[in-house]
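Heads up: the structure comes next, in structure tokens.
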């Protein structure tokens with residue numbers, strides 16, 4: 001990643017949430033929409049999953065603005081560990097997003113996640129309409 005960083009840095013708001021928050025606020029103040037995506041996937045430990053959920057919750061609450069949304073990989077919320085726990089984590093985030101008139105976009109990972117991602121998206125959209133969007137890719141491996 002260090003080799004590619006000079007080319008990618010214009011797309012990266014910061015190296016941590018504090019750095020990124022300054023950039024997010026600047027763009028919101030300039031009336032741009034912001035989509036925050038924390039780097040990380042395939043979380044296996046409860047501690048990592050809980051930290052990711054807390055970080056996303058904190059971001060949704062800190063930037064309580066309809067032009068602020070998050071993009072989430074379900075494996076970072078524990079999909080590889082427990083479907084039910086991942087669903088619980090996603091419902092918590094979707095509830096916050098719904099209260100704040102924000103949206104969560106689910107990143108599609110590889111093809112092994114497609115069906116579960118669509119199922120979770122449909123389930124949560126039935127309970128909390130408009131809180132979840134999904135990214136589908138045409139060519140998944």
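Check whether at least one residue in the stretch 42-61 is free of Cβ contacts under 8 Å to residues at least 12 places away in the same chain and either in contact with a helix residue (DSSP H, G or I) (Cβ under 6 Å, 6 or more places away or on another chain) or more than 26 Å from residue 22 (Cβ to Cβ) (or both), and report yes or no.
yes
Only one of (1) surrounded by fewer than 15 Cβ atoms within 10 Å (Cβ to Cβ); (2) under 14 Å from residue 72 (Cα atoms) fails for residue 89. Which number is that?
Failing condition for residue 89: (1).
Would you confirm whether or not the stretch 18-40 contains a residue that is in contact with a helix residue (DSSP H, G or I) (Cβ under 7 Å, 6 or more places away or on another chain), touching a residue at least 40 places away in the same chain (Cβ under 8 Å), under 30 Å from residue 139 (Cβ atoms) and buried (at least 18 other Cβ atoms within 10 Å of the Cβ)?
no
Need the failing condition index for residue 74 against (1) without any contact (Cβ under 8 Å) to a residue 40 or more places away in the chain; (2) closer than 24 Å to residue 118 by Cα, just the number.
(1)
I want to confirm something. Restricting to the stretch 105-129 and keeping residues that are without any contact (Cβ under 8 Å) to a residue 60 or more places away in the chain, surrounded by 12 or more Cβ atoms within 10 Å (Cβ to Cβ) and not in a helix (DSSP H, G or I), which single residue is nearest to the chain's Cα centre (by Cα)?
So, considering only residues that are without any contact (Cβ under 8 Å) to a residue 60 or more places away in the chain, surrounded by 12 or more Cβ atoms within 10 Å (Cβ to Cβ) and not in a helix (DSSP H, G or I), the one nearest to the chain's Cα centre (by Cα) is 106.
Each reported figure results from applying straightforward, stated rules to the coordinates on display, with no laboratory input. On a predicted model such as this, the values are computed, not experimentally measured, just so you know. Neighbour counts are summed over all protein chains in view; Cβ atoms, including those assigned to glycine, are modelled from backbone coordinates with ideal geometry.
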